Amino acid sequence: MKTTDIAVIGAGPAGLSCAVEAARAGAQVTVLDENLKPGGQLFKQIHKFFGSREHKAGIRGFRIGQQLLEETEKLGVEVLLDAAVYGIYEDRLIAYITDGKDHTIKAKKIVMATGASENALAFPGCTLPGVMGAGAAQTMINVNRVLPGQKIIMVGSGNVGLIVSYQLMQAGADVLALIEAAPKIGGYGVHAAKIRRAGVQIYTSTTIKEVLGEEKVEGVIAVNLDEKWQQVTGTEKHFNADTVCLAVGLSPLTELAWMAGCEFTFIPSLGGHVPIHDRNMETTLKGIYIAGDITGVEEASSAMEEGRLAGVACAESLEYYDENKALELKNQIWDRLDALRTGPFGEGRFTAKLKQLDARRQLA
Amino acid sequence: MRVLNHPILGDETRQFNATIIVDGKQIQAIEGEPIAAALLSAGIKKFRETQKNHKPRGIFCAIGRCTDCVMTVDGVPNVRTCITPVRDGMIISTQKGLGKWGIER
Ligand SMILES: Cc1cc2nc3c(=O)[nH]c(=O)nc-3n(C[C@H](O)[C@H](O)[C@H](O)COP(=O)(O)OP(=O)(O)OC[C@H]3O[C@@H](n4cnc5c(N)ncnc54)[C@H](O)[C@@H]3O)c2cc1C
Ligand code: FES
């Protein structure tokens, strides 16, 4: 049977950063990803990243992905693609499917870095072809270079909704409007200003009443919401749209963690039920770690830091680092993570993550 | 519609080097791109019909998670077209319900 020191599930920013860090310490690392291309969410992000310089701000997402991949190659990390992990069994045995066939690999440590998936929204017509996740539209335009439609309604004004709206325009689509149920815009002011300058109207306190069409989207009726989030009759607006993109949040992809038997805690601001972990990113199961959006939805920069943390911690527990060296590295990473979780957008995440770590302490 | 020119990605340089047959019609495609991308570029949005109520479905997640985009490909039903790469000569059909094995002529 195939064996390895550390098996990392997911080749997104968290998984790749973890692999790089652990391999640098001397560990044998195998990364598994179900896609044909590694990089996770980074490969559809053609915009320059926000954040600080040490978190690669100003560099476009897909380039960060390329850099990480080059590093894994240099360090001799094994990256298995078309490898969909479907189970984690006793003694850290991982089962996965490649090319339709079953395989297993046994690891001394496992890091789950499976990311998150987009949330759906229910309204009449929500299952019509043409209603899709904003990330799906982003994959189509930026990775596959195909427009999923011409006249777009974007739902949700977080950073994903704002950025994907802009990218749809860059790809040649018309964004008819961006609608947001809350009374104010969720994402960064700079991103909102950018799409407003491009002529996109942002409607707050507004939601979708209905999507029209028999075989595909042929129009959208939006409606205002009052302070109690109830639809106000008589305020309907009709849009001649052929596509509806939903940017209404992400939920951590935690199936494998549930299956393995990790304990969870419920923190809505992190995306719902999230696995409990300690300051080493280790779950309640010994030798099983998590990193990135699976631990609670944040961003690529924090996903990379959490990945590094898990990488160092795994390397330490396999004795590739002594306690002092590992502590020094981990402290540096924690300082950077704390710095990322500040400011008007980061502070909420800081408290949420504190709660998650507290849950671990309470169990102990 | 294809994105042929792009302010950041530059011009499309790949060749249309594959032909796929979708419900009997020929469509130009690019070897290795997801089947769903080829279909959307040809304006096809409905990929299947649901079993009970025959409601149309298309892509939703584009990363192989939701199974909304499944079609019958080369006689195999329930293939996720958003993550299955195009090969020249593929025969694809809109899937009705749970689908049937074998190529319908
Ligand atoms: C539109 C948009 C814009 C963004 N902009 C920014 C930005 O400017 N700055 C920023 O910091 N962040 C940004 N982010 C957020 C960032 O992309 C994510 O937080 C980050 O990608 C999370 O990294 P990850 O490694 O945890 O997960 P992912 O990148 O999602 O990677 C997870 C990987 O695991 C694989 N996987 C999952 N399950 C399995 C399985 N069972 N078997 C095998 N493989 C599996 C997946 O296929 C995927 O490749 C943006 C996100 C979006 C959607
Ligand atoms: S669109 Fe979701 S699996 Fe293909």
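Of all residues in the range A:127-156, those satisfying the criterion of being in a loop (DSSP other than H, G, I, E, B), in contact (Cβ under 8 Å) with a residue 60 or more places away in the chain and either within 13 Å of ligand 1 (Cβ to nearest atom) or closer than 21 Å to A:Gly40 by Cβ (or both) are A:Pro148, A:Gly156.
I need the full set of residues from the range B:74-105 which are without any contact (Cβ under 8 Å) to a residue 40 or more places away in the chain and in contact with a Phe, Trp or Tyr (Cβ under 8 Å, 6 or more places away or on another chain), in order please. The answer is B:Gly75, B:Val76, B:Pro77. Each residue in the range B:67-105 was checked for being part of a strand (DSSP E or B), of a type in the set (S, T, N, Q), open to solvent by 30 Å² or more (accessible area, probe 1.4 Å) and within 14 Å of chain A (Cβ to nearest Cβ), and 1 pass. Among the residues of this structure, B:Arg57 counts as one that is within 7 Å of another protein chain (Cβ to nearest Cβ), under 13 Å from the mean Cα position of the chain (by Cα) and free of Cβ contacts under 8 Å to residues at least 40 places away in the same chain. Take the residues in the range A:117-131 that are open to solvent by less than 10 Å² (accessible area, probe 1.4 Å) and touching an Asp or Glu at 6+ places or on another chain (Cβ under 9 Å); name whichever of them is nearest to the other protein chains (Cβ to nearest Cβ). By that ranking, first place goes to A:Pro129. All told, A:Ala11 meets the bar of being open to solvent by less than 30 Å² (accessible area, probe 1.4 Å), at pLDDT 90 or above, near ligand 1 (Cβ under 9 Å from one of its atoms) and in the same structural domain as A:Ala313 (by TED's automatic domain parsing). Looking only at residues in the range B:1-23 that are in contact with a strand residue (DSSP E or B) (Cβ under 8 Å, 6 or more places away or on another chain) and part of a loop (DSSP other than H, G, I, E, B), the one that is nearest to B:Ile92 (Cα to Cα) is B:Asp23. Out of curiosity, is A:Ala136 at pLDDT 95 or above, within 23 Å of A:Gly15 (Cα to Cα) and facing chain B (nearest Cβ under 9 Å)? Taking the combined requirement at face value, the residue satisfies it. Can you find even one residue in the range A:231-250 that is over 16 Å from A:Leu121 (Cβ atoms), within 14 Å of ligand 1 (Cβ to nearest atom) and either surrounded by 23 or more Cβ atoms within 10 Å (Cβ to Cβ) or of a type in the set (Ser, Thr, Tyr) (or both)? No: zero hits.
For the range A:132-152, check the following and say yes or no: at least one residue is open to solvent by 30 Å² or more (accessible area, probe 1.4 Å) and over 21 Å from A:Ala241 (Cα atoms). So far as the range A:132-152 goes, yes, one or more of its residues are open to solvent by 30 Å² or more (accessible area, probe 1.4 Å) and over 21 Å from A:Ala241 (Cα atoms). Restricting the first member to the range A:9-35 and to residues that are away from chain B (no Cβ under 14 Å), and the second to residues that are of a type in the set (A, V, I, L, M) and within 16 Å of ligand 2 (Cβ to nearest atom), the beta-carbon pairs closer than 9 Å and six or more apart or on different chains are A:Leu32/A:Ala84.
The values are calculated or read from the model by the stated rules, or taken from the named source; none is laboratory data. Note that the structure is predicted; figures quoted are calculated from it, not measured. In this analysis, Cβ positions are derived from the backbone assuming ideal geometry, glycine residues included, and neighbour counts consider all displayed protein chains. These area figures cover heavy atoms from the full protein model, side chains too; ligands, DNA and RNA do not enter into them. Shrake-Rupley method; radii C 1.70, N 1.55, O 1.52, S 1.80 Å.
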